[in-house]
């Protein structure tokens, strides 16, 4: 039998069928509804299309998710998900359901067969609308006291800006892409490929300044995480992780920071920074692996 996997995002809901060995067989996506009733109806509609083909449902979503009760306590970018009990899917389709935070799902994917294989202490930093995260300590995913470990968006990078200075805003890949496209005159401000293509143009000075500042903010976030966790490797995920320029620039900005601040640089060992293996499908793979680990088929 197969397993049905949902990756719930602020803009789209991705869904996929996986084989019992973790092969992604097919995937699609639908726009994320703007209210709870429509959201629940859409999930049931999609699952109904595949009824009889799957023996388990995996879900990953933003926010704080109780992976023991399959309960969303805080919906992140989707506030209406607060309090949603995902066992409604188990009741309706009579299959096991496992839920996990999207950042932790990405970390599980890389821990399973990606860039965290053989790494005792590392993390995945998913750059999207905000910054998702999953932390691996001693080879195990860290959930935290209230399932909130790895919520990197909450880290304050600029105290003078109060809540506007958090990493979720200053390290938002979506916001950076929009700003680069505006600066470079691209008509579709949400087009990531257009933004990165523009960065290669000699005349895109303003766009490169925006991008470099963005990578500096990500580097500062890595410094804060490294000061606390002393990681071996930081894996950069999200759609933009497929762009080689991203990781290279983050590495350069981190090296500059440590060199300029020698009281840190002489003592702090920088983690290796690499792009995620599963890139934009990491959440799907990780959610499937979470289901496979806990459910009995």
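Every read-out reported here was derived from the displayed coordinates using simple, explicitly stated rules and does not represent laboratory data. No experiment lies behind these values; they were computed from the predicted model shown. Every residue, glycine as well, gets a Cβ built from its backbone with ideal geometry; the counts of neighbours run over all protein chains shown.
I'd like the FRET efficiency for residue 212 and residue 12, computed as 1/(1 + (r/R0)^6) with the beta carbon distance as r and R0 of 30 Å, rounded to 0.05.
0.55
By per-residue mean of other Cβ atoms within 10 Å, what is the highest-first order of 193-202, 2-11? Intermediate values should be presented prior to the final figure.
Values: 193-202: 15.5, 2-11: 22.7.
For the peptides 193-202, 2-11, the packing ranking is 2-11, 193-202.
Report the relative contact order of the chain, percent, no decimals, based on alpha-carbon pairs under 8 angstrom and at least 6 residues apart.
Numbers: 610 pairs, mean separation 56.7, N = 297.
So the answer I get is 19 percent.
Fully extended, how many nm does the chain gain between residue 26 and residue 248 (0.36 nm per residue separation, minus their Cα-Cα distance)?
On the way: separation 222, 0.36 × 222 = 79.92 nm, distance 3.21 nm.
Roughly 76.7 nm would be gained on extension.
With N residues in region 207-297, what two-decimal value do you get for its Cα radius of gyration over 2.2 N^0.38 Å? Before the final figure, lay out each step's value.
Details: Rg = 15.9 Å, N = 91, 2.2 N^0.38 = 12.2 Å.
Relative to the 2.2 N^0.38 Å estimate, region 207-297 comes out at 1.30.
Divide by every residue of the chain the summed helix terms, -39500 (n - 2.57) for each DSSP H run of at least 4, and state the resulting mean residue ellipticity at 222 nm, rounded to the nearest 500 deg cm²/dmol.
On the way: 10 runs with 116 residues, N = 297.
Mean residue ellipticity, 222 nm, calculated: -12000 deg cm²/dmol.
Say R0 is 22 Å: what FRET efficiency, to the nearest 0.05, do residue 37 and residue 73 get from their beta-carbon distance?
0.65
Could you run the Debye sum over the Cα atoms of region 1-129, one equal point scatterer each and no solvent, and tell me log10 of I(q)/I(0) at q = 0.14 Å⁻¹, two decimals?
At q = 0.14 Å⁻¹ the computed log10 ratios are -0.62.
Work out how far the C-alpha atoms of the chain reach from end to end along every principal axis, then list the three figures in whole Å, largest first.
58, 46, 35
Could you calculate the contour length gain from residue 163 to residue 80, that is, 0.36 nm times the residue separation minus the distance between their Cα atoms, to one decimal place in nm? Walk me through the numbers on the way to the answer.
Values: separation 83, 0.36 × 83 = 29.88 nm, distance 2.12 nm.
Additional length available on full extension: 27.8 nm.
So between residue 205 and residue 117, what do we pick up on full extension, going 0.36 nm a residue minus the alpha carbon distance? Don't jump to the answer; show the numbers that get you there.
On the way: separation 88, 0.36 × 88 = 31.68 nm, distance 3.86 nm.
Value of the extension gain: 27.8 nm.
Hey, what angle do you get for helix 244-260 against the long axis of the chain, alpha-carbon based, 0 to 90 degrees rounded to 10?
Once rounded, one gets 50 degrees.
To the nearest Å, what is the center-to-center distance of region 225-240 and region 67-117, using C-alpha atoms only?
Here the two parts' Cα centres lie 22 Å apart.
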